[in-house]
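The values are calculated or read from the model by the stated rules, or taken from the named source; none is laboratory data. All values reported here derive from a predicted model rather than from experimental measurement. Here Cβ is always computed from backbone atoms with ideal geometry, including for glycine, and neighbour counts include all displayed protein chains.
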Amino acid sequence: MIKHNCEFMKEIGSEFYELQESLKAEHKDNIAYLLSGRTALRFIIDDICVNQEVRTALLPSYCCESMILPFVQAGINVHFYDVYFDHIDYPYENDSDIVVLIDFFGYTIGENSEIARCEKHAGKIIIYDSTHKIDGNFEVESFADYSFCSYRKWFYCNFAKAVKHNGAFCKQSNLYCNEHYISLRDEALYEKQKYISGNSNDKESYQRKFALAEQMLDNEYIGFAGNPVSFDMDEIITKRQENAKYLISQLITIPQINLWRKDVMQNDSPMFVPILLDPIIRDDLRRKLICEKIYCPIHWPESPYHAKRNEWQAMELSLVCDQRYDITDMERVVSVIKDFFEKY
């Protein structure tokens, strides 16, 4: 079993800190560059409400609060369709005006294209959240009215993209820059770079600034423009696929772990490798990983807006597989997990 010295171990996970090259991208009639995913979603909601009255939106039961709040704060009632470990239980007889679809964690969900097709023919407005699948899903988006992606979830940046698939957005002229938020995030970025490179021991400072920036975004996110950057999508997806395949191949034999997917298909774009565990074991394993400087998020904290609690939220742990890391890093993650279960 591999042993690691906690003092000198490479950090895996947590906030991105690698800069991307700025991109001078112009807004188009049907494309808007916004600050964050929730900014993009509210931008889409406002565009819809210009031309029609919207009463109800139907969202997946497994989602984060930041997806729900833009609807609630726009005065739209939110209902949920049930998402389970191996299928979606979708109520085709519903009175919603808007339907939101997600390919969770970048793994293509076959039911989504059929739901999109049927609901489009029923006159519903379809919004596809491609934040989970950076390259999108053509089969779903061919029926979708809107899609959006928050690139902050894939690398360091301050932008998301919203697309209107049929026609132009009604207005974009009132977008403005959230300079305080962006400058605080950038400060945290540079401080983390110093910490990672060994030129600073102050970890608490950049963590505090990242957290404060997110609190600012929670309180004020509407109407902000983003700062687009360039990135190599193929490289990001290829690296993540390699890392995810390795994690899955090594963890599939551990009986206490239920894998969200047992394989990575060619059209998958892994955001994480989600695993499901007994809640107590999940929390103990997460603490062990943190001790080893491996920071794996939980998706998602409970929200008071959900009509009923999705049991995944107590069981899920997202293993990091992003493009910052290679197979050697994934070997370390696997080593810690296997060591944990050998001693548990």
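Miscellaneous remarks
- Among the criteria (1) closer than 27 Å to Ile327 by Cβ; (2) surrounded by 16 or more Cβ atoms within 10 Å (Cβ to Cβ); (3) polar (S, T, N, Q), the one Asn178 does not fulfil is (1).
- Flag for Phe105 being out of contact with any helix residue (DSSP H, G or I) (no Cβ under 6 Å at 6 or more places or on another chain) and either buried (at least 23 other Cβ atoms within 10 Å of the Cβ) or outside any helix (DSSP H, G or I) (or both): no
- Some residue of the range 46-53 being crowded, with 21+ Cβ neighbours inside 10 Å and either among the β-branched types (Val, Ile, Thr) or under 19 Å from His132 (Cβ atoms) (or both): yes
- Looking only at residues of the range 1-27 that are of a type in the set (Gly, Ala, Ser) and part of a loop (DSSP other than H, G, I, E, B), we find that the one that is modelled with the highest pLDDT is Ser14.
- When Ile98, Ile134, Ile125, Ile102 are checked against the criterion of being over 30 Å from Val273 (Cα atoms), at pLDDT 95 or above and of a type in the set (A, V, I, L, M), a single residue qualifies: Ile125.
- Those residues of the range 74-99 which are touching a residue at least 40 places away in the same chain (Cβ under 8 Å) and of a type in the set (S, T, N, Q), in sequence order: Ser96
- For the range 315-335, residues that are farther than 13 Å from Ile275 by Cβ and in a helix (DSSP H, G or I) total 7.
- Near pairs, Cβ below 8 angstrom, 6+ apart or cross-chain, from the range 319-344 (among the polar types (S, T, N, Q)) to any residue that is modelled with pLDDT of 95 or more: Gln323/Phe155; Gln323/Glu235; Gln323/Ile236; Gln323/Lys239; Gln323/Arg240
- Among the residues making up the range 266-278, those that are in contact with a helix residue (DSSP H, G or I) (Cβ under 9 Å, 6 or more places away or on another chain) and either in a loop (DSSP other than H, G, I, E, B) or on the phi > 0 side of the Ramachandran plot (or both) are Gln266, Asp268, Ser269, Pro270, Met271, Phe272, Leu277, Asp278.
- Count of residues meeting criterion [hydrophobic (A, V, I, L, M, F, W, C), closer than 18 Å to Ser269 by Cβ and touching a residue at least 24 places away in the same chain (Cβ under 8 Å)] in the range 105-115: 1
- Verdict on Ala168 being among the hydrophobic types (A, V, I, L, M, F, W, C), touching a strand residue (DSSP E or B) at 6+ places or on another chain (Cβ under 9 Å), surrounded by 12 or more Cβ atoms within 10 Å (Cβ to Cβ) and not in a loop (DSSP other than H, G, I, E, B): no
- Within the range 179-194, residues that are over 13 Å from Glu214 (Cβ atoms) sit with their Cβ atoms under 6 Å from residues that are surrounded by fewer than 17 Cβ atoms within 10 Å (Cβ to Cβ), at 6+ positions apart or across chains, in these pairs: Glu191/Ser205; Lys194/Ser200.
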